[in-house]
Amino acid sequence: MGLMVILGLLGAAMGSFAALVAERLVRGEPFVAARSRCLSCDTPLGARDLVPLLSWPLLRGRCRHCGAAIPPVLWQAEILGAAMGMAAACAAPDPARALLLALWMWSLLALAIADLRWFRLPEPLMACAAILGLALALAGDGSGWPGLSMRASTAILGAAVGGGVFWAVREGYFRLTGREGMALGDVFMLATLGLALGPARLPMVVLFAAATTLVLALMRAQRKGRAMRRLGRVPFGAALALSGVLVAILPAMA
């Protein structure tokens, strides 16, 4: 229970940080040392404006200084980050692996936010998720089985299968229609997930992502009164990222 509380609180802060990193990488701005500012009035934000889970509702979603609306995705990211931290504490066999799993999920959260808001999957975030995913695969479940070499080969095979299948689909669609039906970032996303999850669990990731994307597209089409074919781009990379999180934690928590 103590680990769950710690990772939950840390996750709320990391969810906020994930949203910040996603936004600044897309904008090409520094994110390590630069202070948080209101995007409308450019006023630096103080500590009381940045309390995870509390500041957004207490401020009623508005900047304290100029009254401009604060995107609700920031508060939602804090909630998701906290949920991911608590889920990692329940799913992992020990604190070290729980933290590693949580860090991997938080990196995927940042990628999902970037894709949902800007249809971008920043390369630095993708590299971070890939490194953490590989570390997660190599760490194993603490039982020592399978051996390290087998865990490494499974991770590499997962990346090859995930990236290879999606690249083939993307290339085949382009050759048939002359249009790009899938972004290259989605190819890299499934390869990245394959590193952590291995090839066996990737079909479930794709199934969850496809179902989620279809439901969201139907809701969006109904809300806008448009046909499905006129909706344009959909953030499939975000659906893949969050589906990867679900597939990683659900078996351990069942």
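The values are calculated or read from the model by the stated rules, or taken from the named source; none is laboratory data. None of the values given here were measured: they were computed from a predicted structure. Note that each Cβ is placed from the backbone with ideal geometry, even for glycine, and that neighbours are counted across all protein chains shown.
Below are the figures for this structure:
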read-out: Considering residues of region 87-96 that are in a helix (DSSP H, G or I) and surrounded by fewer than 18 Cβ atoms within 10 Å (Cβ to Cβ) only, the residue nearest to the chain's Cα centre (by Cα); value: Cys90
read-out: The listed residue being under 14 Å from the mean Cα position of the chain (by Cα) and aromatic (Phe, Trp, Tyr), out of Phe166, Phe236; value: Phe236
read-out: Candidate set: region 21-38, residues that are assigned to a loop (DSSP other than H, G, I, E, B), in contact with a Pro (Cβ under 9 Å, 6 or more places away or on another chain) and not basic (Lys, Arg); chosen: the one nearest to Cys128 (Cα to Cα); value: Ser36
read-out: Tally, over region 160-199, of residues that are over 15 Å from Gly237 (Cβ atoms), small (Gly, Ala, Ser) and free of Cβ contacts under 8 Å to residues at least 40 places away in the same chain; value: 5
read-out: Subset of region 112-124 (residues that are surrounded by fewer than 24 Cβ atoms within 10 Å (Cβ to Cβ) and under 18 Å from Glu29 (Cα atoms)); value: Arg117, Trp118, Phe119, Arg120, Pro122, Glu123, Pro124
read-out: Sole residue being at pLDDT below 95 and small (Gly, Ala, Ser), chosen from Ala248, Ala221, Ala241, Ala196; value: Ala221
read-out: Test for Leu59: is it more than 17 Å from Leu242 (Cβ to Cβ) and either of a type outside the set (Lys, Arg) or touching a residue at least 40 places away in the same chain (Cβ under 8 Å) (or both); value: yes
read-out: Index of the failed condition, Cys38 passing every other in (1) under 18 Å from the mean Cα position of the chain (by Cα); (2) farther than 23 Å from Asp115 by Cβ; value: (1)
read-out: Residue in region 40-54 that is under 21 Å from Pro122 (Cα atoms), surrounded by 14 or more Cβ atoms within 10 Å (Cβ to Cβ) and without any contact (Cβ under 8 Å) to a residue 12 or more places away in the chain present; value: no
read-out: Residue match in region 108-118 (condition: in a helix (DSSP H, G or I), basic (Lys, Arg), at pLDDT below 95 and under 22 Å from Leu246 (Cβ atoms)); value: yes
read-out: The listed residue being closer than 30 Å to Val247 by Cβ and more than 13 Å from the chain's Cα centre (by Cα), out of Ala77, Ala12, Ala47; value: Ala12
read-out: Single residue of region 124-159 satisfying the filter (in contact (Cβ under 8 Å) with a residue 24 or more places away in the chain and either touching a strand residue (DSSP E or B) at 6+ places or on another chain (Cβ under 8 Å) or β-branched (Val, Ile, Thr) (or both)) that is farthest from Phe236 (Cα to Cα); value: Thr154
read-out: Val187 being surrounded by 13 or more Cβ atoms within 10 Å (Cβ to Cβ), of a type in the set (Val, Ile, Thr), within 24 Å of Ala210 (Cα to Cα) and in contact with a Pro (Cβ under 7 Å, 6 or more places away or on another chain); value: no
